[in-house]
Amino acid sequence: GRQISPIHSTPEYGRQLRTISYILSQEPPSSGGWTKIPVTPAEQRRSEEITYSISCCDFTIAGGKLLKNQFLQQYYKNGVKFLTMFPDGTAQIFYPSGNLAVIIVQKKENSGYICIVQEDRSENPGIQAVFESSGQGTCYHPNGIVWINITIREGHYSDQDGSKVRTWIWPNHLQKYTPTVSFKPVFVSLNQNVGVRILGQDKVAISFLAMGKQAKINVGTKVEPSTNHHPWPKHVSEDDLVLFASRIKILKVFAKLHSCLKFSSNDQWTKIQLPSYISKHALKLMDLCRESAVSAALDKLIMSIINISA
């Protein structure tokens with residue numbers, strides 16, 4: 001422990017100040033003491049306000065919904081196990097080869113489920129998709145590049161090079177603004193037995209079909225705001241904001257070049273005024289940043305791109 005030395009002050013303020021003595025060994029961490037108990041990451045996450053509720057996940061085998069809290073096993077015609085389902089909702093689906101295809105496990109502290117899809121390999125199988133009951137989900141291309149990524153708020157679809165092909169915002173009641181572009185269904189085939197179908201935020205399904213056996217796992221989420229929920233602000237992706245800022249910068253460069261061609265004198269160049277539409281674009285960009293509640297770092301980056309002091 002370390003003892004803090006007395007505070008030396010001028011006579012004018014000496015009567016108001018006192019010596020503070022503190023020894024760590026005599027002040028163990030406690031809720032009411034001077035030494036505070038450090039907050040763990042898990043506690044910090046729990047302390048974050050969640051103002052919406054989520055319901056999710058049902059399991060269907062060959063068109064018939066399974067009863068909950070039951071133990072079930074099914075087999076292929078060749079005797080290889082097809083499915084094992086446990087009373088706690090966890091489950092395993094196997095390829096006809098006997099390799100594990102899909103596994104559903106519980107998260108810690110009964111906080112939901114995780115569904116994992118892996119390729120048909122006996123050794124070091126690659127992960128092809130991961131979905132959580134919290135609304136998060138990711139599918140991967142065979143080369144490991146993210147194919148589909150969804151969150152409680154939005155989603156995107158990328159090609160094999162990682163370039164985004166489609167983006168969307170879920171039309172739920174958590175948003176302050178209703179998306180202007182309606183969501184279009186997404187269908188992908190992870191391999192010859194497993195596919196993913198996305199019809200909406202609450203209609204995300206992993207389908208499995210092999211040797212006459214089929215199963216469907218609904219990993220979508222139904223989201224409902226609570227009474228104390230404040231609608232999320234308008235959301236624009238960071239990439240789009242940076243691209244918009246870069247476009248404004250390019251427009252400024254071309255406008256200055258065009259003016260320089262018109263005026264040959266250096267004195268006149270310093271008096272050149274930019275077209276009003278560029279200023280309007282910059283104001284619109286700043287409004288988008290404010291409505292999207294971007295981080296201070298991103299705001300500073302965008303302002304530096306368009307040469308406006310933050």
Discussion item. Quick check on segment 40-59. Is at least one of its residues among the charged types (D, E, K, R), modelled with pLDDT of 60 or more and part of a loop (DSSP other than H, G, I, E, B)?
Written reply: no
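Look at segment 104-113 and say how many of its residues are of a type in the set (A, V, I, L, M) and open to solvent by 40 Å² or more (accessible area, probe 1.4 Å). Outline the logic, then answer.
Going residue by residue through segment 104-113, those that are of a type in the set (A, V, I, L, M) are 104-105.
Still in the running and open to solvent by 40 Å² or more (accessible area, probe 1.4 Å): 105.
Summing the residues that are of a type in the set (A, V, I, L, M) and open to solvent by 40 Å² or more (accessible area, probe 1.4 Å) in segment 104-113 gives 1.
Can you confirm whether segment 81-103 contains a residue that is among the acidic types (Asp, Glu), at pLDDT 90 or above and either over 28 Å from TRP147 (Cβ atoms) or open to solvent by 40 Å² or more (accessible area, probe 1.4 Å) (or both)? Working first, answer last.
Taking segment 81-103 as the starting set, the residues that turn out to be among the acidic types (Asp, Glu) are 88.
Subsequent filtering for residues that are at pLDDT 90 or above retains none.
No, that holds for no residue.
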Fill in: segment 103-139, residues that are in contact (Cβ under 8 Å) with a residue 40 or more places away in the chain and more than 22 Å from ASP202 (Cβ to Cβ)
GLU119, ASP120, GLN128
Worksheet entry | Residue in segment 152-168 that is modelled with the highest pLDDT, counting only those that are open to solvent by less than 50 Å² (accessible area, probe 1.4 Å) and hydrophobic (A, V, I, L, M, F, W, C) | TRP168
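Condition first: part of a loop (DSSP other than H, G, I, E, B) and open to solvent by less than 20 Å² (accessible area, probe 1.4 Å). Now tell me which residues in segment 125-151 satisfy that.
Residues of segment 125-151 part of a loop (DSSP other than H, G, I, E, B): 125-126, 133-136, 141-145, 151.
Listed by number, the residues that qualify are SER133, GLY135, HIS141.
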Item to complete: Give the residues of segment 216-238 that are open to solvent by 70 Å² or more (accessible area, probe 1.4 Å) and modelled with pLDDT of 80 or more, sorted by residue number.
Response: LYS216
Worksheet item: What are the residues in segment 190-215 that are outside any strand (DSSP E or B) and modelled with pLDDT of 90 or more, if any?
Response: LEU190, ASN191, GLN192, ASN193, MET211, GLY212
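The values are calculated or read from the model by the stated rules, or taken from the named source; none is laboratory data. Please read all numbers here as calculations on a predicted model, not as lab measurements. No Cβ is skipped: glycine too gets one built from the backbone with ideal geometry, and neighbour counts run over all protein chains shown. Each accessible area value is taken on the protein alone, full model and side chains, heavy atoms only, with ligands, DNA and RNA left out. Shrake-Rupley method; radii C 1.70, N 1.55, O 1.52, S 1.80 Å.
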